[in-house]
Amino acid sequence: MSVPETWTEHTTANLERSQAARAASRKIRNDIEHCLNASTTSIREFWGASCLNISQRAQETMEARNQLQTKLSKVNREISDIELSMEYIKKCIADKQNPLKITQTRLDLRKHRPNLELCRDEAHDQLIREAAELEEIVDHLIRQLAASQTVHQDLLRARSQLEADLAAKSNSLFIDREKCLGLRKTFPMTPFAIVSS
């Protein structure tokens, strides 16, 4: 059993402990709120920096994709040009084959002349020179055709590689712009507020 003085002392001590506990609780709540707000601010800054980096990367990817498209257009034009050139060379070879055959046939017929008629005259020498010249032209055209075919194959490989690179850049751009940035349009956190009671 207590007396009024001990009851007052006990009650005053309880009130002081209660006030100290409430003050400590307020300080802890304020510290927590400050920590949460600082964390949210820090996360927002990182989120903003990430969005900016993704946007910059998407811009770089788009520029690279545009350069690839320009290169692909150039390669396609070169392929078209080399194909026209190859067709022209084939036509030139075909155009030279008939005169070469005629010249070779004339030479062959001259070899079958009887006795004194088989002579090496100016006409015979001219046919030999003409055949050699036509053979040299045809050989040169065949070498040009082979070189053009090699270039054509190189261009086809380059086009294939450019198309693969272009597809990869387009896919990266889709992922960065539509998927990543699309999901990051709004910040997913709201500031914390601790309600005091």
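Bear in mind that the values in this text are calculations on the coordinates, not laboratory data. The structure presented is a predicted model; accordingly, all values stated were derived computationally and were not measured. Cβ atoms come from the backbone with ideal geometry, glycine included; neighbour counts cover every protein chain shown.
Structure data summary
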read-out	value
Max mean-square fluctuation residue, GNM over the chain, Cα-Cα springs under 10 Å, options N37, N53, N14	N14
Using alpha-carbon coordinates, inclination of helix 122-174 to the longest axis of the chain, degrees	10 degrees
√(5λ) per eigenvalue of the Cα gyration tensor, segment 1-150, largest first, Å	111, 12, 8
Mean Cβ neighbour count within 10 Å, used as a protection proxy, ranking 74-81, 119-126 highest first	74-81, 119-126
Those lysines that a straight Cα-Cα span of less than 27 Å connects to K96, excepting residues fewer than 8 apart in one chain	K111
Ranked list, fewest to most other Cβ atoms within 10 Å of each Cβ, for M62, M1	M1, M62
Lysines whose Cα lies under 30 Å from that of K179, excluding same-chain neighbours fewer than 8 positions away	K71, K169
